[in-house]
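See below for the structure under consideration.
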Amino acid sequence: MTGKTAFETRYGFRRNEVLLGNWRESPFSRWSFQNVGELVPSAAVAAQPGSSEAPAQDFGGLLGEKVALAGGAETVAAFLARSDTDALTIMKRGKFVGDWFAPHMEFGARHIVFSISKSLTAIVAGTLEGEGIFDPQAPVSLYLPEAAGSAYGDARVRHVLDMSVSLDFEEAYLDPESAFARYRRAMLWNPGGGIESLATFLMTLQGLAEPHGRTFRYRSPNSDLLGILLERASGRRFADLMREKLWAPLGAVGDASVTVDMEGTARTAGGISVTPRDLARVGEMMRQGGTANGRRVVPEAWVRDTAETGGDAEAWRRGTMAFLFQRGRYRNKWYQTGAASGAFCGIGIHGQWLYVNPKAEMVIAKMSSQPVPVDDPLDLDMTSFFEALSRMV
């Protein structure tokens, strides 16, 4: 009888057990979330050649400190374990002050960020808006005439950016018979794909009786449509846009990637993978008003609108996520928390977070492999955890 391979020792299962049908399930996600490109076709977003860096100090004594959460006091280490954290990186006043990794993830590894992809895509949209190439007030049909007859036929780009499209679609992550399962086949994330492209699927979606703009409805197809709109407006493929408009000016050290469908269309709603440090760099750029390394990445007015002043509070309160940020708003694929700290964030399923706390001058990037896509009680604990870390570091 042979002993365990190094892979099995590290992850607790064999590589050949990870399949397209189970890659988002625990325990396989501990590996697959770092290696999506081995399962789903992906396009590369290259960093600057020759870039490298070493990890900062670990969290040392901080891991033993206690934080007050809904269920009582809990150590930082215990919370990281309970929330299935793969990596946690903290920046303070623009400097990396801590990098923590679970045993199955190494420094410098990429990790899928799921719906934080939406926030990254919106930054690319902001750069094109600043160049006069992309108009958030334009009708979707200006860039995508074939949207006529779909829910997007009478929507504006602003509705797409702010998740206020009146769209008859549910984010039924765990229902194999739902339209969401068909959506995942179209993006090649589930077995049975390759028959219908992502764009074709999007053009079949229909609207509700309510007018666009009234209610915040979290619907991922909006953000895949945004990627297509950016390609139409610019004449460039999304991976090239992301490299030119965000990754290069950001000074990203690691390569990124984005999953693509049968036609090479980028899955901009959830398919981007980046390193924890580069994700934190995005948050720091936003905290700095759109600049990185003294270089303008996205217009300051766009950042201010996204993180501070924009968004419809009434539309947010009518939505189903108001419990998370009771005084929150949603703008350009970013969440404004409404907290006194001025915190804003990007959030992805299975526990991905990019939390920016302007008052504390802190950015926190957390990557995870939580077993279920959405865990509302844990998300509430997460916001308390981030605010506590902001006071402790």
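Worth pointing out:
- Residue ranges 266-277, 350-361, 232-243 sort as 266-277, 350-361, 232-243 when ordered by packing (mean number of other C-beta atoms within 10 Å per residue, highest first).
- Going from the residue with the fewest nearby Cβ atoms within 10 Å to the one with the most, R185, R295, R110 rank R295, R185, R110.
- Net +/- balance of residues flanking S223 in space, Cβ distance below 13 Å, scoring K and R +1, D and E -1: +2
- Entries of K4/K366; K92/K359; K66/K366; K92/K245 with Cα pairs more than 22 Å apart: K4/K366; K92/K245
- Between N332, H350, N16, the Cα set farthest toward the positive side of the dipole of the chain (charges on each charged residue's Cβ, about the Cα centre) is that of N332.
- Extension gain for the segment E17 to Q326, taken as residue separation times 0.36 nm less the Cα-Cα distance, is 107.1 nm to one decimal.
- Neighbourhood charge, 12 Å Cβ-Cβ cut-off, centred on A199 and excluding it, Lys, Arg +1 and Asp, Glu -1: -4
- Note on L380 and R214: with the Förster distance fixed at 22 Å, the Cβ-Cβ geometry gives a FRET efficiency of about 0.25.
- Per-selection metrics, region 125-204 (Cα): Rg and Dmax in Å: 14.5, 43
- Dipole orientation for the chain: of the candidates P145, G192, A365, A365 has the Cα lying most toward the positive pole (charges on Cβ; Lys, Arg +1; Asp, Glu -1).
- Ordering P103, A269, L229 by the projection of their Cα atoms onto the charge dipole of the chain, which places +1 on the Cβ of Lys and Arg and -1 on the Cβ of Asp and Glu, puts P103 at the extreme positive end.
- Summing +1 for each Lys or Arg and -1 for each Asp or Glu among the other residues whose beta-carbon sits under 12 angstrom from that of H350 gives -2.
- The slack in the chain from A138 to N35, taken as 0.36 nm per residue of separation less the alpha-carbon distance, amounts to 33.3 nm.
- Potential lengthening between L63 and Q206 on full extension [0.36 nm per residue; Cα-Cα distance subtracted]: 46.6 nm
- Contact order, relative form, for region 100-203: 15 percent (alpha carbon pairs under 8 Å, 6 or more residues apart, mean separation divided by residue count).
- For the chain, the Kirkwood hydrodynamic radius comes to 21.2 Å, computed from all pairs of different C-alpha atoms.
- Alpha-carbon Debye profile of region 166-299, log10 I(q)/I(0) at 0.12, 0.18 Å⁻¹: -0.57, -1.08
- Normalised by 2.2 N^0.38 Å, where N is the number of residues, the C-alpha radius of gyration of region 60-125 stands at 1.35.
- Rounded Å value of the spacing that divides the Cα centres of region 299-347 and region 261-282: 22 Å
- Ranked by the mean number of other Cβ atoms within 10 Å per residue, highest first, peptides 73-83, 195-205, 281-291, 114-124 order as 114-124, 281-291, 195-205, 73-83.
- In summary, region 269-393 shows an alpha-carbon radius of gyration equal to 1.02 times the 2.2 N^0.38 Å reference for compact globular proteins.
- Ellipticity estimate at 222 nm from DSSP helix runs (n ≥ 4, -39,500 (n - 2.57)) divided over the chain, nearest 500: -7500 deg cm²/dmol
- About the Cα centre, charge dipole magnitude for the chain (Lys/Arg +1, Asp/Glu -1 at Cβ), debye: 660 debye
- The listed peptides 46-59, 146-159, ordered by packing as a protection proxy, come out as 146-159, 46-59 (highest mean of other Cβ atoms within 10 Å first).
Rule-based calculations on the coordinates, nothing more; no lab input. All values derive from a computational prediction rather than experimental measurement. Note: ideal-geometry Cβ built from the backbone for every residue, glycine included; neighbour counts use all protein chains shown.
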